[in-house]
Amino acid sequence: MATAISGPRVLLRQLRETMAEPLASQDRLDKIVDLIAENMHADVCSFYVLRDDGALELFATHGLKPESVHMTTLRLGEGLVGLIAAEAEPLSLENARTHPSFAYRPETGEDPFTAFLGVPVLRAGQTLGVLVVQNRDRRIFGEDEIEAMLTTATILAEMIATSDFDSLIKPGQDIDLRRPRTFNGTGFSDGIALGQVVLHDPRVVVANFIAEDTEQELRRLAAALDTMRVSIDDMLSHGDMQSFSDHREILESYRMFAHDRGWVDRLTEAIDNGLTAEAAVERVQNDTRARMMRSTDPYIKDRLHDLDDLANRLLRILTGDGHAVGTKELPENAILVARNMGPAELLEYDRSRLRGIVLEEGGATAHVAIIARSLGLVAVGQAENIVSMCEPGDDIIVDGPTGTVHLRPTPDVEQTYVDKVRLTAKRRAHYLEFRDKPAITRDGIEITLLHNSGLVADLPMLDDTGAAGVGLFRTELQFMIASKLPRLNEQVELYREAIRLTGDRPIVFRLLDIGGDKVIPYLRSAAEENPAMGWRSLRLALDRPGLLRIQIRALLQAANGGPLKILVPMVTDAWEFRQTRVVVNKEVERLRHAGEKVPEKLELGAMIEVPSLLWELDRLLPQVDFVSIGSNDLVMFLTAADRANPRVSKSYDPIALPRLRALRHIVDMSRRYGVPLTMCGELAGKPVEALALMSIGMTRLSMSPPSIGPIKEVILGLELEPVRKSVSAALLDGSDGVGIRELLLDWTERQNLSV
């Protein structure tokens, strides 16, 4: 069995020499199958490539009839070759003809061949083709020979991916690796974006596949594994990882896989067959990913991400690729593609070149989605497995309203979307026509439309939309993008610029709302099992009064004697608001004693987003100057459904009867105490949801800037009073008949409203 040990190494060296020779693509491929046949002592070696139409085309052969090359095809799943491609698993047979999937192609002249070994050619878990060897005599191919074929297939996969291979493809056809793909996700924002793929966490490019010294490669692998294991152990021993958390569970999975003997043995075997350490990691992960992708077990599919991350970690150690997010030059129309990312990571990119973002995970109310909307980016989430299907620079189209993503679109699809973009531009021009019109319904009810913002760059859009002001300025974004805690003067400068840009229009500054999924690296805290309901927002601020005092001081100074509105987030009990007012009053007095200007009119408001506050409004409302509803958190807590978890968040309609009753209770209580009320959550920016809010008496709506035009169009065409009466009756009745959403959709049809 000397061939099984030394053969693969010899073959890989011969392949490297062949690929370096100045040969035409077909000549190179023909020489490669000759070398494989010689090395494997096979009578036949054939290479099939999976085309974009699902057919496996014979691209090269040693031992079959030469005229069958580029003429013989098998459908995916047809014959032994089609079976291997579909299942992404090797197949070794002593007598191929007895297998139930055997399919005979007379034009190939394969009659005399009996023994059969076929392996999939994989890249990122995708099947690109099939490599086959056959013999006249019956024989059983051993594990070493199967491993040798899989190793060789790794090299062929990289060859297929190069542009040199294009000359072998018939006009009008392409290989499956580059075929157009469509992903049906969930839209996070409106709009359409056409651009090029930029991978947020790009795969490590393995440049050197063939080992010069396998012993050296084994030492490199062992050292890299040790480094990775130590880094994982260090993270797990961190103080903030001691208790149970999702992060700890992920790291525990990493540690388990990093010490898995079977995984390490497969890496070692791949190196023994002649691959470099990094090529071995890619080879083994390709095989693992292909199997796990085809599993129907959800647990196994979830672990696929863990293994991908672990393999990437190991590859980065081996190649020295540290990877810094956002530092590289972006193309003019960049579309970020990622499994998931935080809002701070998104803000690190050059926003002038960014057009959209596509995530495999995330929910519509996750903070990265909110920031994407704030930046005017088209965003789609839950596009399953898109990261592994993408290559940097691929053409991509993101359709926000439908949640559809087209990767490598056909010219027809691209032209359709170019036309849609033109129509969208016309629609924006249409909204500009009534930018300066008051938002008053046909029956004379005035609705105040405001912006949600968090970046100074957003504020000039007030002039484009005609909004009455800023109903919510998220001050935490400055903290999330900074490498250290912003100093007092830095905060003053930001708030002063925001006030300058809004001019004489009101702006409401929400105090720092961090914690939960809004992580600030320099304010680390102990991991929590339920961070959304943990030490965050106002709770954190009251426990760290220095942080709260500095922010309030910065806001007071930035006002420079003018009016100032401050919103207190996540108030759970009225006493928390009273405590915050005490801090504010002390800072006002401190300014007075220092001889500095104090705001001519200071208003302090509370954000209603914790359900317990609904039963304490009679104590809270007499103390506040205004209130705002944070519907994202309020609906999450009312339904006990994590807003970032699509499995549960999509199951609960935020304007269904129980939630709308809760919102109407807030409206009624605010009216009773004469306290101005604004809806600042994501509900306000959706036409049907906005109609629901107006129907229960809400007249101040704050939303992302792109939503102002569509909502104003609904208002201008709306006769509100009959809708109010209809919804009031439904809320009072509470029957199991027509739902609130169906009722409102019926009214939009009756009144011909554009939703």
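Using the Cα gyration tensor of the stretch 2-176, with a ≥ b ≥ c the square roots of its eigenvalues, what is the shape: rounded (a/c below 1.5), prolate (a/b larger than b/c) or oblate (neither)? Walk me through the intermediate numbers first.
Working: a/c = 1.42, a/b = 1.07, b/c = 1.33.
Taking the square roots of the gyration eigenvalues as a ≥ b ≥ c, the stretch 2-176 is rounded.
Apply the Kirkwood formula to the chain: the hydrodynamic radius equals the inverse of the mean of 1/r over all pairs of different alpha-carbon atoms; give it in Å with one decimal.
Details: mean 1/r = 0.0340 Å⁻¹.
That comes to 29.4 Å for the chain.
Estimated from the Cβ-Cβ distance and a Förster radius of 51 angstrom, the FRET efficiency linking residue 212 and residue 351 is about 0.70.
How high is the FRET efficiency between residue 487 and residue 582 when r is their beta carbon distance and R₀ equals 30 Å, given to the nearest 0.05? Walk me through the numbers before you get to the answer.
Working: r = 24 Å, r/R0 = 0.81.
Rounded to the nearest 0.05, the efficiency is 0.80.
From the alpha carbon centroid of the stretch 214-234 to that of the stretch 37-62 is 36 Å.
Taking the Cα centre of the chain as reference, the dipole from Cβ charges on Lys and Arg (+1) and Asp and Glu (-1) amounts to some 3120 debye. Against the main long axis of the alpha-carbon atoms of the chain, helix 143-161 sits at an angle near 60°. Residues with beta-carbon under 15 Å from that of residue 444, excluding residue 444: net charge, scoring Lys, Arg +1 and Asp, Glu -1? With Lys, Arg at +1 and Asp, Glu at -1, the neighbours total -1. The aspartates and glutamates within cross-link reach of residue 597, meaning a Cα-to-Cα straight distance under 15 Å and a gap of 8 or more places when in the same chain, are 587, 589. Remark: spin-label model distance residue 205-residue 24 equals 2.9 nm, labels positioned 7 Å along the Cα→Cβ axis. The length gained by stretching the chain between residue 437 and residue 87 to full extension, at 0.36 nm per residue less their Cα-Cα distance, is 119.9 nm. Taking Lys and Arg as +1 and Asp and Glu as -1, the other residues whose beta-carbon sits under 10 Å from that of residue 466 total 0.
For helix 214-236, what angle does its Cα long axis make with the longest principal axis of the chain, in degrees from 0 to 90 and rounded to 10? The angle comes out at about 20 degrees. Residues of the stretch 561-589 with backbone nitrogen within less than 19 Å of a virtual label 7 Å along the Cα-to-Cβ line of residue 672, please, listed as ranges. Those under the cut-off are 573-575.
Relative contact order, percent, of the chain when contacts are C-alpha pairs under 8 Å separated by at least 6 residues? Display every interim value, and only then the final one.
On the way: 1374 pairs, mean separation 78.4, N = 755.
Reported relative contact order: 10 percent.
Round to the nearest 10 and give me the degree value, 0 to 90, for the angle of helix 25-39's Cα axis relative to the longest principal axis of the chain. Relative to the chain, helix 25-39 is tipped by roughly 60 degrees.
Of all DSSP beta bridges in the chain, what percent run antiparallel (nearest 5)? Display every interim value, and only then the final one.
On the way: 46 of 84 bridges.
Looking only at bridges with both residues in the chain, the antiparallel portion is about 55 percent.
Using the empirical formula 2.2 N^0.38 Å as the baseline, the Cα radius of gyration of the stretch 440-750 reaches a ratio of 1.00.
Residues in the stretch 456-472 carry Karplus couplings, in order, of 4, 5, 6, 5, x, 5, 4, 5, 6, 8, x, 5, 7, x, 10, x, 7 Hz; the curve used is 6.51 cos²θ - 1.76 cosθ + 1.60 with θ = phi - 60°, and Gly or Pro positions show x.
Could you tell me the calculated FRET efficiency between residue 101 and residue 260, based on Cβ-Cβ distance and R0 = 41 angstrom, to the nearest 0.05? Efficiency at R0 = 41 Å is approximately 0.80.
Coordinate-derived values only; no laboratory data. Since the structure is predicted, the reported quantities are computational estimates derived from the model, not experimental observations. All Cβ positions, even for glycine, are placed from backbone atoms using ideal geometry, and neighbour counts span all protein chains on display.
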